[in-house]
Amino acid sequence: MAGDNKDSPWWAPARHADRRPYLRARGAVTSALRGWFDEQGFLEVETGILQVSPGNETHLHAPRTETRGPDGAPTTLYLRTSPEFACKKLLAAGEPRIFEFARVFRDRERGDLHVPEFTMLEWYRAESTYDAVMADSIVLVAHAAQATGIGRFAFRGKTADPFAEPQLITVAAAFERFAGIDLLASIAGGEGDRDHLAAMAIGRVRITDDDTWSDIFSKLLVEHVEPHLGNGRLTVLFEYPAPEAALARTKPSDPRVAERFEIYACGVELANGFGELTDAVEQRRRFNAAMNERQRRYGECYPLDEEFLSALALMPPSSGVALGYDRLVMLASGARRVDQVLWTPPAGQH
């Protein structure tokens, strides 16, 4: 296939011609999804790429840059890993329904499903539960497939019908079914018991002394659970454990889990949604814990966005989703890698 000929540049006419059907499909999906958001009363926003903080998760890596004012004094800024902080400030400002096709950046990510510069489709609903944005996600995936006319997603030998009723399964049930792990037994008071989970995971994944509860959870998820998700139809994996809540609120009826879900197709994670946390004190605690771990692991940490934390006090109860737009287009167009659906592949990856 011409598009896989690494001896020619991506802009060579023959190679571009091979990619062009995927790029045209991207345009069709973009138009369809923008139309749906417009029908639902959403406002498209454009938030800034340069941020004082790129996000505060332990394993999230962001490119760093430096700007200078008229006096030449340098200021360190980061290319955002998500528009989340800025979008939530807009919710605090009074916007009720917003969406953005956001250009975002992440270091240390390369592969068929990862590029350092990509598009994240994010949307937020004020005064809505996360069930509402979960339903949005399922509808949008179907709209993408309808826009290209594809009947079935396929990736690495797996297929999924984007129009079929999705499978809904809690994280705890998925771990019990696919890994033989009683995940919630290793959580108390919203915190993970590392040794308890490690004891259950012995023989299932490789565990090192340096592994935290979250590390062991991630290994089990990737090796034993994710391969079973999104086979034949979409899977909605919901009620993530509280130690993996990130920016989601915990479930009032069970503090061991959070109002967080992810959607999979063909084993590919497409979307990550939250019932949004609006407690600034709790969010600061989570950020600080993650940055302490990041400092221990990588010898660096990112600053907190104090404006964002202040905005949480004004933000209404809301729910939102981050969807990997290039991945969705890849599946909806029949491409095999995300770089095939990018108009210009990332610099250095030609």
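Summary of the geometry: the stretch 116-163 and the stretch 277-337, compared by the centres of their Cα atoms, lie 20 Å apart. Calculate the length of the line joining the C-alpha centroid of the stretch 199-237 to that of the stretch 40-93, in whole Å. When both Cα centres are located, 31 Å separates them.
Since only 178, 313, 132 are under comparison, the one whose Cα sits farthest along the positive direction of the charge dipole of the chain, derived from C-beta charges on Lys, Arg, Asp and Glu, is 178.
Take the alpha carbon atoms of the stretch 259-300, find their radius of gyration, then divide it by 2.2 N^0.38 Å using N residues; give the quotient.
Values: Rg = 14.4 Å, N = 42, 2.2 N^0.38 = 9.1 Å.
Taking N as the residue count of the stretch 259-300, the ratio is 1.58.
Taking every lysine pair in the stretch 2-341 that is 8 or more places apart or spans two chains, those with Cα atoms closer than 25 Å amount to 4.
Extension gain for residue 279-residue 103 works out to 60.6 nm (0.36 nm per residue, less the C-alpha to C-alpha distance).
So what is the calculated 222 nm ellipticity per residue for the chain, using -39500 (n - 2.57) for each DSSP H run with n of 4 or more, over all residues, to the nearest 500 deg cm²/dmol? Kindly include the intermediate steps, with their values, before the conclusion.
Working: 9 runs with 116 residues, N = 350.
The helix-only estimate for the chain comes to -10500 deg cm²/dmol at 222 nm.
Karplus-based coupling profile of the stretch 138-149, in residue order and whole Hz: 5, 5, 5, 4, 5, 4, 4, 5, 5, 5, 9, x, with θ = phi - 60° in 6.51 cos²θ - 1.76 cosθ + 1.60 and x standing for Gly or Pro. For residue 211, the amide hydrogen comes within under 5 Å of no other amide hydrogen, counting only partners 5 or more places away or on other chains and with H modelled in the peptide plane.
What per residue convex hull volume, in Å³, comes out for the chain when only alpha-carbon positions are used? Can you show the working numbers first?
Working: hull volume 55.8 nm³, N = 350.
So the per-residue hull volume is 159 Å³.
Put a plus charge on the Cβ of each Lys and Arg, a minus charge on the Cβ of each Asp and Glu, and nothing anywhere else: the dipole of the chain about its Cα centre is then about 1040 debye.
Throughout, read-outs are computed from the coordinates displayed, never taken from laboratory work. These figures come from a predicted structure and were not determined experimentally. All Cβ positions, glycine included, derive from the backbone under ideal geometry; neighbour counts span all protein chains shown.
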